[in-house]
1. Using the alpha-carbon centroid of each, what span in Å lies between region 302-349 and region 121-199?
2. Multiplying the sequence separation of Leu140 and Val327 by 0.36 nm and subtracting their Cα-Cα distance, what value in nm do you get?
3. Within the chain, how many Lys pairs that are eight or more residues apart, or on different chains, come under 25 Å at the alpha-carbon?
4. In nm, to one decimal, how far is the modelled label at Val351 from the one at Leu44, with both set 7 Å along Cα→Cβ?
5. Among rounded, prolate and oblate, which fits region 71-140 when a ≥ b ≥ c are the square roots of the eigenvalues of its C-alpha gyration tensor, a/c under 1.5 means rounded, and a/b larger than b/c means prolate?
6. Once Lys and Arg get +1 and Asp and Glu get -1 on their Cβ, which of Val283, Asn172, Asn186 lies farthest toward the positive end of the dipole of the chain?
7. In deg cm²/dmol, rounded to 500, what helix-only [θ] at 222 nm does the chain give when every DSSP H run of at least 4 residues adds -39500 (n - 2.57) and the total is split over its residues?
8. Please report, in debye to the nearest 20, how large the charge dipole of the chain is about its Cα centre when each Lys and Arg carries +1 at its beta carbon and each Asp and Glu carries -1 there.
Amino acid sequence: MMRKGGAPHSAEASGNGREALLARGGNGRGIAEARRRAWAVVALLGVLLAVAFVASLGLGRFELFEALWGPDPEKAESALYVLFGMRLPRVMAAACVGAMLALAGCAYQGLFRNPMVSPDILGASAGAGFGAALGILLSLGGIGVQVCAFITGVIAVAASYSISQRLARGMNTVLMLVLCGMVVQNLFTAFTSAVKFVADPNSQLPEITFWLMGGLANVTKENVWWLLVPLVVGGAVLFSLRWKLNVMSLGDEEALALGVNTKKTRLWIVGAATLVTSSAVSVAGMVGWVGLIIPHLARFLVGPDNRVLVPVSFLLGAVFLLLVDDVCRSIYTTEIPISIFTAIIGAPLFVYLIYKSKAGAS
């Protein structure tokens with residue numbers, strides 16, 4: 001169906017039309033082959049995630065699988081407690097947090113048309129960090145700290161979005177949103193510093209500092225539900241809008257011409273990405289680099305088409321953080337904060353991906 005100006009009614013129809021023209025020109029086979037390769041990567045990552053999940057369950061100082069299948073009933077009972085009370089919640093949380101941060105990073109990079117964007121671009125991580133620090137200062141307990149972190153993360157993004165909408169009249173909406181996000185992010189970082197300044201240096205300050213470094217040592221079964229519900233809701237929204245991300249990457253004018261309501265779509269994407277980011281940070285703390293490098297790595301594997309890039313980022317993020325968490329809890333006698341290893345791995349990997357993309361472009 002065509003609009004009056006001759007533009008297709010939807011971007012999906014437009015994409016299908018262009019592919020049909022390419023097929024008549026002899027390039028249709030190449031497009032189909034590229035799609036098959038991309039979805040083969042999705043299937044391979046799904047298998048890799050399942051293998052990493054099972055392997056992570058067995059990793060630890062307690063020989064879990066050996067005790068479960070051994071003849072000693074007391075050891076088997078202890079193994080069941082370790083499996084369902086400790087290992088399974090932690091492994092599920094690691095996979096969920098990695099998938100959520102990578103998913104949000106992929107959505108933001110497509111929405112803002114900027115490969116340097118990460119999930120904290122609008123202040124979600126900084127806001128959640130302030131909320132967690134405030135919750136620890138007020139001695140709210142584990143669940144109270146998470147709720148406080150989630151609420152302030154959402155408030156930070158809501159502030160960025162509402163301020164940008166008021167200031168962006170006649171200006172670049174995306175640029176204004178990014179600038180307002182930077183302002184709000186620095187503001188909430190200052191709030192966190194203020195909380196650390198007044199916190200008890202013997203008890204509260206170390207707890208705040210450790211939380212901000214990220215970790216999954218204290219994850220419980222309740223935390224898993226706290227992650228799964230936002231993951232399903234926010235993930236469903238982002239998966240359903242992934243073809244619109246392709247259109248939004250063309251710019252607002254082109255997207256409007258192709259029948260996409262840019263303001264409404266941007267609000268849905270920002271809301272869903274904020275939901276998953278704030279939930280992940282409220283449970284795992286400040287885990288950096290995942291939302292930045294994983295979409296880059298996924299793009300390197302399958303290309304820029306968000307219809308495939310979104311699920312690949314989702315699966316790759318889950319695998320990545322599972323493996324990082326395995327290293328953090330087994331490489332040393334005491335557990336190492338996750339953000340240390342994500343930075344150590346992420347920084348050189350990011351430089352390598354930039355080098356490869358530059359080499360490919362030349």
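What follows is calculated from the coordinates using simple rules that are stated; it is not laboratory data. The structure displayed is predicted, hence computed values, not measured ones. All Cβ positions, glycine included, derive from the backbone under ideal geometry; neighbour counts span all protein chains shown.
1. Here the answer is 24 Å between Cα centres.
2. Value of the extension gain: 64.3 nm.
3. 6
4. Between Val351 and Leu44, the label points sit 2.7 nm apart.
5. It comes out oblate by the Cα gyration axes.
6. Asn172
7. Value at 222 nm, helices only, nearest 500: -26000 deg cm²/dmol.
8. Dipole magnitude for the chain comes out near 1620 debye.
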